[in-house]
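The values are calculated or read from the model by the stated rules, or taken from the named source; none is laboratory data. None of the values given here were measured: they were computed from a predicted structure. Glycine gets a Cβ as well: all are built from the backbone with ideal geometry, and neighbour counts include every protein chain shown. The area values use the complete protein model at the heavy-atom level, side chains included, leaving out ligands, DNA and RNA. Shrake-Rupley method; radii C 1.70, N 1.55, O 1.52, S 1.80 Å.
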Amino acid sequence: MDDGESAVRGIEERAFNAWPSLASVQCDGWLFRFSQGLTKRANSVNALQPAGPFRDTLGLAEDLYPRQRLPVIFRLSPLAGNEPDDILHRVGYRRTDETLVMTAALGDRMPLDPEVVITASPDMSWSEGFAAAIGISPTMREIHDRMLGSILLPAAFATVLDGGRAAGYGLAVAERGMVGLFDIVTVPEFRRRGSARRMVEALLAWGAARNAERAYLQVVSSNERALNLYEAAGFREAYRYHYRVRPSGT
């Protein structure tokens, strides 16, 4: 295993731990994740250390996901290699949502912003506010809360305040010297007022206080506003992944 592959695997493992699925299956070095349809990340097939014929993996995916009434989705990081992407393309799987994984060295960070409230678990106001800001349906809200409740690692559930009102929400999870940032969302009426920047800086400070030396996050490549924010905070691209989705009705 070269250093680049080892670094990718380390981030991938941490991200799976930080955002747990409700159920999972492993086969031939692939991780099948199931969470009743909430997010592609938690309802897709992911490479760990692929071994064996990929068509066997594909066959199992096309059996398991429809049984759960879920679309068949592969999330293809550099760990997957080229063959799975080629095969999925040939059999008609649609490519979508190219995503950057970005990392940053923490170094010295500003102290926690007093107007960013951080708790170790999601209280009702955080869950309700986040769900409203991101547009999670009542049905998916219950699933989302269950997934949050299954996070076992040290976590920070953050709310950024603006004039005493909740302006944004975010989540960070620390593990083995790294902190992952997830679900940075700003309430629409507070956009373009620096809330996301303050949220990111507070979560990075929280991670540094827990002995993290580096941070990572995931952002869709077309989200230019978020990319600018993260680059300004010191993040740089480490690698990319994309999804392959089986067309409906096939």
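Residue-wise test of (1) free of Cβ contacts under 8 Å to residues at least 12 places away in the same chain; (2) under 29 Å from A215 (Cβ atoms).
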| site | (1), (2) |
| --- | --- |
| V72 | no, no |
| R75 | no, yes |
| A80 | no, yes |
| R90 | yes, no |
| L100 | no, yes |
| A120 | no, yes |
| E128 | yes, yes |
| G135 | yes, yes |
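If the condition is being open to solvent by 30 Å² or more (accessible area, probe 1.4 Å) and either in a helix (DSSP H, G or I) or modelled with pLDDT under 95 (or both), then the stretch 86-116 contributes D86, H89, R90, G107, D108, R109, M110, P111, L112, D113, P114, E115. Of the residues making up the stretch 2-12, none is of a type outside the set (A, V, I, L, M), surrounded by fewer than 18 Cβ atoms within 10 Å (Cβ to Cβ), touching a strand residue (DSSP E or B) at 6+ places or on another chain (Cβ under 8 Å) and not in a helix (DSSP H, G or I).
With respect to the conditions (1) within 21 Å of N223 (Cβ to Cβ); (2) assigned to a loop (DSSP other than H, G, I, E, B), S121 falls short on a single one, namely (1). Could you please let me know if L152 is hydrophobic (A, V, I, L, M, F, W, C) and open to solvent by less than 20 Å² (accessible area, probe 1.4 Å)? No, not satisfied. Within the stretch 137-148, if we keep just the residues that are under 23 Å from V179 (Cα atoms) and in contact (Cβ under 8 Å) with a residue 24 or more places away in the chain, the residue that is surrounded by the fewest Cβ atoms within 10 Å (Cβ to Cβ) turns out to be R146. Once the stretch 191-208 is narrowed to residues that are open to solvent by less than 10 Å² (accessible area, probe 1.4 Å) and without any contact (Cβ under 8 Å) to a residue 40 or more places away in the chain, the residue that is farthest from the chain's Cα centre (by Cα) is S195. Taken over the stretch 214-237, the criterion of being acidic (D, E) and surrounded by 13 or more Cβ atoms within 10 Å (Cβ to Cβ) is satisfied by E231, E237.
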